[in-house]
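Below is one structure, written out as structure tokens; the observations come after it.
The values are calculated or read from the model by the stated rules, or taken from the named source; none is laboratory data. None of these values were measured; they are calculated from a predicted model. Virtual Cβ from ideal backbone geometry, glycine too; neighbours counted across all protein chains shown.
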Amino acid sequence: MKRLMELGRLIVLAYPILLDNPRVGRAMQLVMQKKVKRVGLYVFYAQSQYSDKQYRVDLEKGTCTCPDYEDHKDEHPRWPCKHRIGCLLFLLR
């Protein structure tokens with residue numbers, strides 16, 4: 001847990017848009033609850049926290065199929081939804 005929190009802090013420092021972003025904590029929960037699965041070099045499936053729905057995350061393209069990303073992608077193409085953050089944390093664990 002301590003190591004995961006340190007990695008989360010590194011991501012926050014590396015990505016200023018994530019400062020004070022509640023998505024970081026929820027992303028850590030996804031990883032700790034084993035709701036992130038790697039299916040390719042840069043491709044993952046991250047499960048919703050509230051259902052069994054799986055969202056496809058492509059870190060190379062910077063995309064996610066979740067509603068949060070879909071709602072914000074036009075204003076910010078690499079929107080940091082909790083699923084994308086969770087996949088980054090998964091790689092750094």
Exercise. Among what's in region 48-63 and is in contact with a strand residue (DSSP E or B) (Cβ under 8 Å, 6 or more places away or on another chain) and closer than 15 Å to ARG23 by Cβ, pick the residue that is modelled with the highest pLDDT.
Key: TYR55
Quiz item: Which one is surrounded by the fewest Cβ atoms within 10 Å (Cβ to Cβ), of the residues in region 20-36 that are modelled with pLDDT under 90 and either among the polar types (S, T, N, Q) or part of a loop (DSSP other than H, G, I, E, B) (or both)?
Solution: ASP20
Quiz item: Tally time: how many residues in region 66-93 are crowded, with 22+ Cβ neighbours inside 10 Å and of a type in the set (Lys, Arg)?
Solution: 2
Quiz item: Out of the residues in region 40-57 that are more than 10 Å from the chain's Cα centre (by Cα) and of a type in the set (Gly, Ala, Ser), which is surrounded by the most Cβ atoms within 10 Å (Cβ to Cβ)?
Solution: SER48
